[in-house]
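These notes concern the structure reproduced below.
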There are 2 protein chains.
Amino acid sequence: MERVLIKDLGSVKQDKVLVKGWIHKIHNLGSVNFLQLRDKSGIVQIVIDKENLNDLRIETSIEVLGTKVFNEKAPQGIEIQAEKIKIVGKATYEMMPFEINKREINAALEVQLDNRVISLRKPKIRAIFKIQEEIEEAFRKYLKEKDFSQVHTPKIIDSSTEGGSEMFTVDYFGSRAFLAQSPQFYKQMMVGAGFERVYEIGHAYRAEPHNTWRHLSEYVSLDVEMGFIEDENDIMDVEKGFLQYLFKHLKQTCKKELEMYGIDLKDMPSIPRIPLAAAQAIILEKYDKKSPVGNLDAEGEKLFSKYVKETYNSDFVFLTQYPISKRPMYTLPHDEIEGVTRSFDLIYKGLEITTGGQRIHEYDMLIENIKKFRLNPEDFKFYTDFFQYGMPPHGGFAIGLERLTMKILDLQNIREAALLPRDLKRMTP
Amino acid sequence: MERVLIKDLGSVKQDKVLVKGWIHKIHNLGSVNFLQLRDKSGIVQIVIDKENLNDLRIETSIEVLGTKVFNEKAPQGIEIQAEKIKIVGKATYEMMPFEINKREINAALEVQLDNRVISLRKPKIRAIFKIQEEIEEAFRKYLKEKDFSQVHTPKIIDSSTEGGSEMFTVDYFGSRAFLAQSPQFYKQMMVGAGFERVYEIGHAYRAEPHNTWRHLSEYVSLDVEMGFIEDENDIMDVEKGFLQYLFKHLKQTCKKELEMYGIDLKDMPSIPRIPLAAAQAIILEKYDKKSPVGNLDAEGEKLFSKYVKETYNSDFVFLTQYPISKRPMYTLPHDEIEGVTRSFDLIYKGLEITTGGQRIHEYDMLIENIKKFRLNPEDFKFYTDFFQYGMPPHGGFAIGLERLTMKILDLQNIREAALLPRDLKRMTP
């Protein structure tokens, strides 16, 4: 007999059904006994005889053959009268590390992460990753419609992409290699290689030697790069278009999950684009808050988001025109405004989730800029060489998948948005 | 004016068009001059004045504003009378490393890989990656329809998943870590964590100290794991179902690309499942070829594929029931046939593209099996612990994306199916 997923119980025709899952709760009422059976798709109530209850413990994996009964009082209006219960995965634990069938898990995040297989069994926790999966789905769908190609670029690299600090080193057959902190050079290469418009969903690595609520050592980067553009506004248009598409997509595909977190995604007509210097002036004037040279700090990002929300009713804001000295050597200097670049960050609810911009595409300018940054062009030969073969104007951006997930759901710690997070102190499970 | 992709020239209404791309060929006929302009979607003929020809070199990036003209003699029946040509990306090279506008590239694979940005500009080379992208698309679509969830699991791991040999080591904040050679333990965890059915598309790493036509150090693994199964046949059913779906999908989405390689994908009604021992006996009897204990070698895989093709008219064959000693410690021993496991490989056109099987799901059996393999259960505690919480019967498989791509297109070397391959000798570009 074919298994029926709990979400499909209402729609299947037959009365006799086979369901499988984990025992979520046991209600021992003496004369009548109930189980709550949980599978990946939902929870259903099972009515069982007393003698069948003996060996059953919370979180045992079972198969239940029974008859579907409509019962107004049962959750979802359906329950199953069990005829046969078979244990397929024994529960042999002494004690659960925490309970997952109550409203909230009563354990610190670190304990939940130590016992990730248990905490993820709670539907509300697993819902985070349904959202995350649909973010990716929307990203792919939106970009594919716009003629972008998906690529996979190497994560083991010979030289450092953005300066060399904060890179993990790998012993590569006796040579020293690095784990890529970004597919930056490679996605530019793929634009030049004729794909023109590419995206990549892949791991990126940052050996940042501090533990914060917003950093992971290993995260998933949603990368975009696009050729034959006019300027950086084309790139911001793509990102804005994606976010608009995403919000619609999530409202369609993740209604239940968004409700679990009390999130109501508003339509997003536009995203303000404000030069960094203007933003710094605003938060100095309005909140008496000084910013570091050429950037906002974490507090500044929060304050400026507050201002943008009040002024433009937007959770998002593009900060543009970052100074040359604060951006990597491949960033295109602005040809009309002295000292700044055609680059941007995207701030969402007080947190930077994107860095992007237009890149230098002329070989001579690139070599000169590398020298200006007091770097040796010879070290970047594998990257600069192909700029001699008609590299078109191009630019791109990257979104941290876990950061975007966290901010959409108003989670407090980025680790909640990673199945098995890696940080300064965590390498397991 | 909005750019038109070359593939859309026939369908856009306006006569005046803006196209962008690289100069593929220049025909200087004196009185009339032609360019072939190549963008990501195709190639179109441009008619230009002589004076416009001066600065143009092969592979320069240009924008062409012109008028669409129907011309029977032009490729695709359309050409563009150029009014304005603008160079947007200069070609400053001294010499192209090889020509990409001839029928074949006249350079060794290694030279093509050294100049990957150039070789990929050839539409036939880039077509490989359109096929690869659609393999992934089919994989996701098929599995999502079957209620699988996508996951991302860590590639930086604390201990070795399958024995510790052939792993790259990483300096992780001063501790020794490894690059995962498979998401094996983690995908099992995610089944147990309530996702039940998961897939992952991610990098896997093998520090194999030899260079062959079929190995990469970094490759993309299409991983599947599924809970609440009856036995390993459920897993083979999923893989067979995927491959059937894939072939249909590729015929629909990659007609042009398959034709470039002369590939005619046949419908695939079923895939034979043959015990390894029977396969070994057949190739001994039929080809006088001895096999190593508990496996086929590369030559054996080829010979047996030949036999299966002749006997069953199938390019695929599942080899089943590998001996216990030749499979990892988590493989479920067969309960009816002594000494073998509920595992399988999938051979496609003479090459193993999959290893899979049912896993042990009972805690006590797993601990015992780890001891039988003379390993220390304490070393696997992060993995074994969660088997105490009702782990259901489960199994899965993995397909090497580059191997599958290579075999579908009859490529001779797996490096052709990787954008930027990594092997014993290659870390760049």
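Of A:Phe397, A:Phe387, which residue is crowded, with 22+ Cβ neighbours inside 10 Å, closer than 30 Å to B:Glu63 by Cβ and within 11 Å of chain B (Cβ to nearest Cβ)? So the residue among A:Phe397, A:Phe387 that is crowded, with 22+ Cβ neighbours inside 10 Å, closer than 30 Å to B:Glu63 by Cβ and within 11 Å of chain B (Cβ to nearest Cβ) is A:Phe387. Pairing residues of region B:33-59 that are under 22 Å from A:Gln388 (Cα atoms) with residues that are of a type in the set (Ser, Thr, Tyr) and at pLDDT 95 or above, at Cβ distances under 6 Å and at least 6 apart in sequence or on separate chains, gives B:Glu59/A:Tyr389.
Taking region A:43-54 as the range and being part of a strand (DSSP E or B) and either facing chain B (nearest Cβ under 10 Å) or under 19 Å from A:Val88 (Cβ atoms) (or both) as the test, the residues that pass are A:Ile43, A:Val44, A:Ile46, A:Ile48. The residues in region B:367-384 that are away from chain A (no Cβ under 14 Å), surrounded by fewer than 17 Cβ atoms within 10 Å (Cβ to Cβ) and in contact with a helix residue (DSSP H, G or I) (Cβ under 6 Å, 6 or more places away or on another chain) can be counted, and the count is 1. With respect to A:Val111, determine if the residue is over 21 Å from the mean Cα position of the chain (by Cα), surrounded by 16 or more Cβ atoms within 10 Å (Cβ to Cβ), without any contact (Cβ under 8 Å) to a residue 24 or more places away in the chain and within 28 Å of B:Gln150 (Cα to Cα). When the stated conditions are applied, A:Val111 does not pass them.
A:Ala127 versus (1) more than 8 Å from every other protein chain (Cβ to nearest Cβ); (2) surrounded by 21 or more Cβ atoms within 10 Å (Cβ to Cβ); (3) under 30 Å from A:Thr253 (Cα atoms): which is the lone unmet condition? All conditions are met except number (2). The set of residues in region B:7-32 being over 32 Å from the mean Cα position of the chain (by Cα), in contact (Cβ under 8 Å) with a residue 60 or more places away in the chain and not in a strand (DSSP E or B) consists of B:Gly10 alone. In the set A:Ile263, A:Ile235, only one residue is at pLDDT 95 or above and farther than 18 Å from A:Glu416 by Cβ; that residue is A:Ile235. Please tell me if A:Asp364 is touching a residue at least 24 places away in the same chain (Cβ under 8 Å), of a type in the set (D, E, K, R), within 14 Å of another protein chain (Cβ to nearest Cβ) and farther than 30 Å from B:Gln184 by Cα. In short, no. For the criterion of being within 13 Å of chain B (Cβ to nearest Cβ), within 21 Å of the chain's Cα centre (by Cα), outside any helix (DSSP H, G or I) and not β-branched (Val, Ile, Thr), A:Pro392 fails.
Just one of the listed residues (A:Glu200, A:Glu218) is modelled with pLDDT of 95 or more and within 7 Å of chain B (Cβ to nearest Cβ), namely A:Glu218. Between A:Ala204, A:Ala177, the distinction of being within 17 Å of B:Tyr172 (Cα to Cα), within 22 Å of the chain's Cα centre (by Cα) and crowded, with 18+ Cβ neighbours inside 10 Å belongs to A:Ala204 only. Can you name the residue in region B:65-103 that is assigned to a strand (DSSP E or B) and facing chain A (nearest Cβ under 9 Å) and, of all such residues, is surrounded by the most Cβ atoms within 10 Å (Cβ to Cβ)? If we take residues in region B:65-103 being assigned to a strand (DSSP E or B) and facing chain A (nearest Cβ under 9 Å), then B:Gly89 is surrounded by the most Cβ atoms within 10 Å (Cβ to Cβ). Looking at B:Ile353, B:Ile360, just one residue is in the same structural domain as B:Ala398 (by TED's automatic domain parsing), within 27 Å of B:Ile408 (Cα to Cα) and surrounded by 19 or more Cβ atoms within 10 Å (Cβ to Cβ), and that residue is B:Ile353.
The number of residues in region B:308-328 that are in contact with a helix residue (DSSP H, G or I) (Cβ under 8 Å, 6 or more places away or on another chain) and either closer than 23 Å to B:Trp213 by Cα or crowded, with 20+ Cβ neighbours inside 10 Å (or both) comes to 8.
Specify the residue that is nearest to the other protein chains (Cβ to nearest Cβ); the eligible residues are those in region A:130-163 that are at pLDDT below 95 and in contact with a Phe, Trp or Tyr (Cβ under 8 Å, 6 or more places away or on another chain). This residue is A:Asp158.
The values are calculated or read from the model by the stated rules, or taken from the named source; none is laboratory data. Quick caveat: nothing in here was measured; it's all calculated off a predicted structure. Here the Cβ is made from the backbone with ideal geometry for all residues, glycine too, and neighbour counts use every protein chain on show.
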